[in-house]
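What follows is a set of notes on a single structure, which appears directly below.
The values are calculated or read from the model by the stated rules, or taken from the named source; none is laboratory data. Nothing here was measured: the structure is a model prediction, and the numbers come from that model. Note: ideal-geometry Cβ built from the backbone for every residue, glycine included; neighbour counts use all protein chains shown. Calculation scope for accessible area: heavy atoms of the full protein, side chains included, ligands and nucleic acids excluded. Shrake-Rupley method; radii C 1.70, N 1.55, O 1.52, S 1.80 Å.
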Amino acid sequence: MRFKTIIAILTLLSLSSCTKEIPPSIKLKVEYSDKSKKEIPRIYFIDVYKDGKIFKKYERFRKPHIEKEILMDSLTNGEYEFVYLNFLNQSLTKTVEIKENKQYTISINPDYSDYKDFIDKSLVRNLEDNQKVEFFYKSSGCFHSLEGNLIVNKKDNTYYAESRGSAKKLNKKELDAIIKMECELNLLQKGGCTTNDHYIVKFGNEEKEFNDRTCAWEGWTNMFKQINLKYNF
């Protein structure tokens, strides 16, 4: 009996010594929040901080390169921050805290923006019955020149959109897409793209102008795709 007990103990010790503990890792996914887009988004850097200190830097044109999936392995416990610029050149941070030996997954979405500070001031959101907001769009570059317009009005507590003879009643998702574009206009910063997308937003006697030279945001195109209103430039 004692012999069998000794054998069992030795077997357990042998198995435990052969079991190698796998250190924690992070799988970093660089992708669009719009899942219909499968290509890798245009993003120029991702700075990785560990416990407040720079840990690693991924870049578009220098090694280590930014890829659709990046595996960071053999990590130690701590707080990891991933800092990047979205399409509107807004600095965003994703944070993950490693506490145990497992693989963590986070997504970097350059087409996502934090525009919540502008929602309450949205002209479209605050429309009253028989009021309207007009959007005018012109895109010009080395080889193209395009124009478009959109009128959003409210009647009997219902929103409608109209563009060059096409009109429709808006559901909540479509309305939110227009409000999102309107709010994101306020986040536009200077860019170096040769294509300039010029926006004018009119409400009564109030008029605002914005210029998009990011070559990446495509706010007008994305908005029209979501509201599914056919138009001709």
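Looking only at the range 198-233, residues that are within 22 Å of His144 (Cα to Cα) and out of contact with any Leu (no Cβ under 9 Å at 6 or more places or on another chain) come to 10 in all.
If we scan the range 86-93, do we find a residue that is in contact with a Pro (Cβ under 7 Å, 6 or more places away or on another chain) and not β-branched (Val, Ile, Thr)?
First, the residues of the range 86-93 that are in contact with a Pro (Cβ under 7 Å, 6 or more places away or on another chain): 86-87.
Filter once more, so that each one left must be not β-branched (Val, Ile, Thr): 86-87.
Yes, the range 86-93 contains at least one residue that is in contact with a Pro (Cβ under 7 Å, 6 or more places away or on another chain) and not β-branched (Val, Ile, Thr).
A single member of Lys99, Lys121 is over 13 Å from the mean Cα position of the chain (by Cα), surrounded by fewer than 14 Cβ atoms within 10 Å (Cβ to Cβ) and within 28 Å of Ile46 (Cβ to Cβ), and it is Lys99.
Check whether at least one residue in the range 185-194 is in a helix (DSSP H, G or I), under 21 Å from Lys121 (Cα atoms) and open to solvent by less than 70 Å² (accessible area, probe 1.4 Å), and report yes or no. Step through it out loud before you land on a result.
Within the range 185-194, the subset in a helix (DSSP H, G or I) is 185.
Those left that are additionally under 21 Å from Lys121 (Cα atoms): 185.
Filter once more, so that each one left must be open to solvent by less than 70 Å² (accessible area, probe 1.4 Å): 185.
Checked the range 185-194: at least one residue is in a helix (DSSP H, G or I), under 21 Å from Lys121 (Cα atoms) and open to solvent by less than 70 Å² (accessible area, probe 1.4 Å).
If you filter the range 101-120 down to residues that are without any contact (Cβ under 8 Å) to a residue 40 or more places away in the chain and part of a loop (DSSP other than H, G, I, E, B), you find that the one that is nearest to Asn157 (Cα to Cα) is Asp120.
Of the residues making up the range 16-63, those that are among the small types (Gly, Ala, Ser), more than 28 Å from Trp217 (Cβ to Cβ) and surrounded by fewer than 11 Cβ atoms within 10 Å (Cβ to Cβ) are Ser16, Ser17, Gly52.
Going through the range 64-94 one residue at a time, which ones are over 30 Å from Phe210 (Cβ atoms), of a type outside the set (Ser, Thr, Tyr) and either in a strand (DSSP E or B) or open to solvent by 60 Å² or more (accessible area, probe 1.4 Å) (or both)? Steps first, please.
Going through the range 64-94, the residues over 30 Å from Phe210 (Cβ atoms) turn out to be 64-65, 67-81.
Next cut, of a type outside the set (Ser, Thr, Tyr) only: 64-65, 67-73, 75, 77-79, 81.
Selection gives His65, Glu67, Lys68, Glu69, Ile70, Leu71, Met72, Asp73, Asn77, Gly78, Glu79, Glu81.
Could you go through the range 136-146 and let me know if any residue there is charged (D, E, K, R), surrounded by fewer than 19 Cβ atoms within 10 Å (Cβ to Cβ) and either in contact with a strand residue (DSSP E or B) (Cβ under 9 Å, 6 or more places away or on another chain) or in a helix (DSSP H, G or I) (or both). The answer is yes, given that some residue of the range 136-146 is charged (D, E, K, R), surrounded by fewer than 19 Cβ atoms within 10 Å (Cβ to Cβ) and either in contact with a strand residue (DSSP E or B) (Cβ under 9 Å, 6 or more places away or on another chain) or in a helix (DSSP H, G or I) (or both).
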